[in-house]
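Structure first, then comments.
Quick note: the coordinates plus some simple rules give every number you see, no bench work behind them. All of these numbers come straight from a predicted model, not from anything done at the bench. As a convention, Cβ positions derive from the backbone with ideal geometry for all residues, glycine included, and neighbour counts pool all protein chains shown.
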Amino acid sequence: MGLREALASGKVVVTAEVAPPKGTDLTAFRESLPYLRGRVDAVNVTDFQSAVVRASSLTLCRLLLEEGLDPVLQITGRDRNRIAIQGELLGAAILGIRNVLAITGDHTEIGDHPGAKPVFDLDAVTILQAAQRLNQGRDLAGNPLRGATDFTLGATVTPCYEPLELQVLKMESKIAAGATFFQTQAVYEVEAMRRFREATAHLGDVKVLVGIIPLKSAGMARFMNKNVPGIRVPEELLERMAAAPDPVAAGVKAAGELMAALLAEGLCDGFHLMTLGREDLVPEILAAAGLA
Amino acid sequence: MIIAKQKELAEILQMLEGKQRIFLTGCSQCATTCKFGGEEEVARMAAALKDAGKEITGTVILDPSCISLKVKKDLRRAPGLQEAEAILVLACGDGCQTVAGNTRLPVYPANDTLFIGEVERVGRFKEVCRACGSCELGWTGGICPVTRCAKGLLNGPCGGSRDGKCEVDPELDCAWILIYEALKERGELDKLRQVRLPRDHRKARRLAIN
Ligand code: SF4
Ligand code: SF4
């Protein structure tokens, strides 16, 4: 069962995330696979995340397929214009990739080639629009395709965004452009999701997978609070992490508790686990959430 | 207003290498108001070049430096131009090209032209328009997303703003939060409900109009 079937089944959907290597060494990628296979419904592959040069998302998506995992191709508007984006999507479809997550993308200036030309010909919404057209057998300019794509389209949303109303308006645009599932920025509080679900109650049947980044230390939590937009680790969790003899285990436990609480209140349809290189933690997180 | 800033003297001297007799032009408009090519700046540049061993054959403040016919006429009767080996232009990139198009002498820019901007107060300028050829201000509360959003986004904000500031530069307000606030205040948030198509970039590439 892949992501599409999982989303349709009504079960708790779990996606994970891997980043392509900076270089050609696939050791870490291959080592992560046993922790994911059979445990998650799909695996996102990031697209030059943080505007850093790495191997392409498409390449690793194909490798995931060969390993029996359902990949989600992340694609941003930062590095490619509308011609390259549509071409990449057609290529992905030819390679058997069925899921696309459209992202606007971090600005080139925050990456490792800060002088690069930022493209942003399309944004998350217009990438979705393009992909939706490809699904309908046409390109963005209306030209017919020989063979349409059949993507399940997703997008991101930030529940802790201020002002939330603006984020919800953007989410509406993404839905209008074809998004059927959302993966959220990392969340650490049930209350944040309560507020978010209330603000999005009018949006009908879109699937929301709550982003989970397990904390590895109190320092990491402080760093994210200070530097990562849309992430808010509450003070009491910070203290809990600081006091924990084994902070990684404490982070896993806290993630599991949050997930169980969100499910208990029916605040989401599943989870998107962003383990940032510690994919070996995925089985433990799922167990802590009662999902193993 | 066109905003520019003077290049470092070292770079100017490098461009002028091998040229001894220099003619300077300024401009009466933006360059005067924003102090990158008015009387004062031209006089200061003349003095600096003299200090560096150059000879200044003459100066003129073009009025303005971006109207071709006028520049042609003013250059024709500018005293000192005949004796010059090169012209250094204290104007914007347009002013510099207009001068270059009306002389056979080599022409050098004294300034780096930055943007079309607004004068917030003396010495402080804000970029507000990229001359994109298809103005969006009618639905954005009078705030330009093409220019003032670092990604030029038309379909709402990216996820990168923090405390209302842009992910690229914490000194700059996130344009999209400003747009949201402006539209909310006017009761026009519905304008953000429409998905905006990708821009037609041909519109920004009109090289001439009649
Ligand atoms: S939308 Fe285009 S023309 Fe209008 S202010 Fe912005 S850049 Fe200038
Ligand atoms: S933070 Fe705001 S201004 Fe900066 S790129 Fe994102 S949407 Fe644009």
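List of remarks:
- Packing, taken as the mean count of other beta carbons within 10 Å per residue, orders the peptides B:154-160, A:235-241 from highest to lowest as B:154-160, A:235-241.
- 3J(HN,Hα) along segment B:151-156: 9, x, 6, 10, 10, x Hz, from the Karplus curve 6.51 cos²θ - 1.76 cosθ + 1.60 with θ = phi - 60°, whole Hz, x for Gly and Pro.
- Computed [θ] at 222 nm, deg cm²/dmol, the protein assembly as shown (DSSP H ≥ 4; -39,500 (n - 2.57); rounded to nearest 500): -10000 deg cm²/dmol
- For chain A, the longest principal axis of the Cα atoms and the long axis of helix A:124-135 meet at an angle of about 50 degrees.
- B:I61 long-range amide H proximity, modeled H, under 5 Å: B:G26
- In order through segment A:8-19: 3J(HN,Hα) via Karplus (6.51 cos²θ - 1.76 cosθ + 1.60), integer Hz, x for Gly, Pro: 6, 6, x, 6, 6, 8, 10, 10, 10, 8, 10, 10
- Cross-link partners for A:K11 among the aspartates and glutamates, with Cα-Cα distance under 12 Å and sequence neighbours closer than 8 places in the same chain left out: A:D41, A:D269.
- Nearest-ten-degree value, helix A:164-176 long axis tilted from longest Cα axis of chain A: 40
- Cα-based helix-to-principal-axis angle, A:190-199 vs chain A, degrees rounded to 10: 40
- In the protein assembly as shown, the DSSP beta bridges split such that about 20 percent are antiparallel, to the nearest 5.
- Amide H to amide H, with H built 1.01 Å from N, A:V40 comes under 5 Å of no residue 5 or more places away or on another chain.
- Beta bridges from DSSP with both residues in segment A:3-210: antiparallel share about 5 percent, rounded to the nearest 5.
- Cross-link pairs exceeding 29 Å between alpha carbons, from the set A:K117/B:K50; A:K22/B:K126; A:K22/B:K151; A:K226/B:K7; A:K207/B:K203; B:K35/B:K191: A:K117/B:K50; A:K22/B:K126; A:K226/B:K7; A:K207/B:K203; B:K35/B:K191.
- In order along segment A:31-39, phi translates into HN-Hα couplings of 5, 6, 4, x, 7, 9, 4, x, 10 Hz, rounded to whole numbers, per the Karplus curve 6.51 cos²θ - 1.76 cosθ + 1.60 with θ = phi - 60° and x for Gly and Pro.
- Remark on B:A4: its backbone amide H falls under 5 Å from those of B:L114, a criterion applied only to residues 5 or more positions apart or on other chains, H modelled at 1.01 Å from N.
- Average other protein chain Cβ within 10 Å of Cβ, residues B:187-200: 4
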